[in-house]
Amino acid sequence: GLVILDEQDEVIRPAILWNDGRTKKETDYLNTIRELPDYTANIAFAGFTAPKILWVRENEPENFKRIRKIMLPKDYINYKLTGSFVTDYSDASGMLLLDVKNKKWSKEMLEICSVSEDQLPELHESYDVIGTVNNEELPFLKGVKVTAGAGDNVAAAIGTNTLKDGSCNISLGTSGTIFIANDSFVDNANHAIHNFAHASGRYHLMGCMLSAASCNKWFTEEILKEDTRKLQEEIGEEKLGYNTVFFLPYLMGERSPINDTEARACFFGMDMSTSRGDMLLAVFEGVAFALRDSLEVIRSSGVKIERSNLCGGGAKSALWRKILANVLNLKIDILEAEEGPGYGGAMLGMTADGQYASLEECAEKLCHVKETVEPDPELVKAYEERYQIFKKIYPALKDIYKKL
């Protein structure tokens, strides 16, 4: 998200959020720069901050001239609390202004975006104390320590103990992510997924889809107009892996790995026998298949994954958990504390306050698995066949989307 302030520290315009797709032109331009992955370890996605800066420069030149501070939404809150103009390495990675490998602002990217380093926040680790609350409007919080913090998915990795090299967390929130922790920087030659700094002080790879549990919310509220929990219970085991209906979950375009703001959602394969349950099952499977797309890219980088934690609102569905385990062929661990990002934020705060010597010690004490969903070999095989069909649908339709 892009928050820009003027000389008087006043917000210049409403924030442009992470899932705003207006920056297609700017994203396409940045991806014509061959050296971009050398500068940032990533290619451009519409959700990143640099394309938004370019959009303001091109479409709101007067606003662009007024910029004195560029920050992310959470960093603006920290700034209002403490007066400290800082960000953390993990969230800065998604700005496409950071040299992720060397953990410093990229001079080349600053030049491309026509901004200077003094317009950008000071860089910190997520667990660093950046100040104390000194806002006069919050006297009851005066003196409370504030950490640099982290983005939601990185905080979820902390809150699920996804810290060790090769450990994995899947988040089924509004968006969906698959997150792999790495002790050292991994050269991701494909660049279809994100290569970011971790809140632990190390690194991670991440695939991010724009619509995950929000697909279920849309189908429930806009199409069925009723709660789907009872419908989920009615879907028989015999349907899993053999549903003839497919769903492309691109309700807001898509990020990883196809990077297409014009991609659109659709149901495919329906006939007169198609039921509401078939369509709901297709929604759950479509999200799982789209996460599998990112997992395949991660595996192509040589990273081996056998199990994953799972968090987010979608993790509450036993049906969805089973589908994920078999589509991804991973053991899925459900933790006792399901808060994910909020829990991770609290753990960053406790570690910064000295209650634990390290994030690793904090996670060891506070994160416990309560249930594991094991993949079933027969279902894995059935879903493998369905996934191979799913992979062909978007390429067959993508040229049609552009004419809508």
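How many Å² of accessible area per residue for the chain, probe 1.4 Å? If you can, show how the numbers build up before the last one.
Working: 17890 Å² over 404 residues.
Per-residue accessible area for the chain comes out at 44 Å².
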Within the accessible area of the chain (1.4 Å probe), percent carbon and sulfur = 50 percent
So which of Lys74/Lys403; Lys304/Lys402; Lys69/Lys164; Lys69/Lys103; Lys103/Lys398; Lys65/Lys398 end up more than 27 Å apart, counting from Cα to Cα?
-> Lys74/Lys403; Lys304/Lys402; Lys69/Lys164; Lys103/Lys398; Lys65/Lys398
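Return a whole-number percent for the relative contact order of the chain, with Cα pairs under 8 Å and 6 or more residues apart as the contact set.
In percent, rounded to a whole number, it is 15.
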Loop sites in the range 140-240: trypsin sites (Lys or Arg not before Pro), DSSP, at most 10 other Cβ within 10 Å | Lys225
Relative contact order of the range 155-305: what whole-number percent is it, with Cα pairs under 8 angstrom and at least 6 residues apart?
-> 23 percent
Using alpha-carbon coordinates alone, the radius of gyration and Dmax of the range 286-328 in Å work out to 10.9, 31
Mind computing the radius of gyration and Dmax over the alpha-carbon atoms of the range 365-404? Å is fine for both.
-> 18.3, 54
Nearest-20 debye value, the chain charge dipole, Cβ charges on Lys, Arg, Asp, Glu | 640 debye
Which of Ala346, Gly277, Gly207, positive extreme of dipole for the chain (C-beta unit charges) | Gly277
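The values are calculated or read from the model by the stated rules, or taken from the named source; none is laboratory data. Not measured: the values here are computed from a predicted model. Cβ: placed from backbone, ideal geometry, glycine included. Neighbour counts: every protein chain shown. When the accessible area is computed, the model is the full protein with side chains, heavy atoms only, and any ligands, DNA or RNA have been set aside. Shrake-Rupley method; radii C 1.70, N 1.55, O 1.52, S 1.80 Å.
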